[in-house]
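All remarks here apply to the structure that follows.
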Amino acid sequence: QENVQRTITTGTVSEVICHTSQKVFQMRVHPSLDEEKKVIGAIIIFFDNTEFINAQEKLKTSDKRIRAIIDSSPTLISLKDNVGKYLMANQAFARQFGLGEEEIIGKTDREIFPEQMANDVRDNDLEVLLKRKSSEKEEHFRYNNEDLIFLSNRFPLFNSSDRTPYAVGTVALNI
């Protein structure tokens, strides 16, 4: 009733989610205008969003489970888009390099790592993206005066519509 009154008073569209015991509705309230564009009432439209909301909740639950598994892994796990920006990195990755998630996500290797390491990592990513197939190799890096050796598995992620990789994932075990 509050949204209806607000729409009649202001002449603007309002929207609210309504929950019943078994259903979820989206209620949109539009002003009803006369020929002179004066508000004379309201038009109320209900959308049954129950299936959509339930699917969203299942997806959120699934995402949380997957993230918990990824963050519990002692291996370094990351995902970068095809231009090299980090989309995701697990806690082991952040700990290994002494970084917070905000210092990783949206950044490229060149913004995070020393030049040689950044070049080597990007070259390995590009190899996977260009060949469109997974790669497993031993990688040697120098970071913060420490020699690091990883057994790294890189793999492309593809768009569903074609075979164009949109990202490269990496799972790396510090050996």
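The values are calculated or read from the model by the stated rules, or taken from the named source; none is laboratory data. Computed from a prediction, not measured in an experiment: that's the story for all the values here. All Cβ positions, even for glycine, are placed from backbone atoms using ideal geometry, and neighbour counts span all protein chains on display. The accessibility values were calculated without ligands, DNA or RNA, using every heavy atom of the protein model including side chains. Shrake-Rupley method; radii C 1.70, N 1.55, O 1.52, S 1.80 Å.
Summary of values
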quantity	calculated
Subset of the stretch 96-121 [under 21 Å from the mean Cα position of the chain (by Cα) and either in a helix (DSSP H, G or I) or of a type in the set (Val, Ile, Thr) (or both)]	GLU101, GLU102, GLU103, ILE104, ILE105, THR108, ASP109, GLU111, ILE112
Output for the stretch 119-136, where each listed residue is open to solvent by less than 20 Å² (accessible area, probe 1.4 Å) and free of Cβ contacts under 8 Å to residues at least 12 places away in the same chain	none
Residues within the stretch 69-93 that are touching a strand residue (DSSP E or B) at 6+ places or on another chain (Cβ under 7 Å) and either among the hydrophobic types (A, V, I, L, M, F, W, C) or not in a loop (DSSP other than H, G, I, E, B) (or both), tallied	13
Among residues of the stretch 57-72, those that are within 19 Å of ALA94 (Cβ to Cβ) and of a type in the set (Lys, Arg), counted	2
Failed item in (1) closer than 30 Å to PHE155 by Cα; (2) free of Cβ contacts under 8 Å to residues at least 24 places away in the same chain, with LYS80 passing the rest	(2)
Unmet criterion (only one of (1) among the basic types (Lys, Arg); (2) over 30 Å from ILE8 (Cβ atoms); (3) open to solvent by 80 Å² or more (accessible area, probe 1.4 Å); (4) modelled with pLDDT under 95) for LYS37	(2)
Some residue of the stretch 8-19 being surrounded by 13 or more Cβ atoms within 10 Å (Cβ to Cβ) and either in contact (Cβ under 8 Å) with a residue 60 or more places away in the chain or more than 31 Å from the chain's Cα centre (by Cα) (or both)	yes
Some residue of the stretch 137-159 being part of a helix (DSSP H, G or I), free of Cβ contacts under 8 Å to residues at least 12 places away in the same chain and not acidic (Asp, Glu)	no
So GLU51, is it at pLDDT below 90, farther than 30 Å from ALA92 by Cβ, open to solvent by 70 Å² or more (accessible area, probe 1.4 Å) and not hydroxyl-bearing (Ser, Thr, Tyr)	no
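A quick yes/no check of all residues on (1) out of contact with any Asp or Glu (no Cβ under 9 Å at 6 or more places or on another chain); (2) open to solvent by 80 Å² or more (accessible area, probe 1.4 Å); (3) more than 25 Å from ARG28 (Cα to Cα):
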site	(1), (2), (3)
ARG67	yes, no, yes
LEU76	yes, no, yes
LEU79	yes, no, yes
LEU87	no, yes, yes
ALA94	no, no, yes
ILE104	yes, no, yes
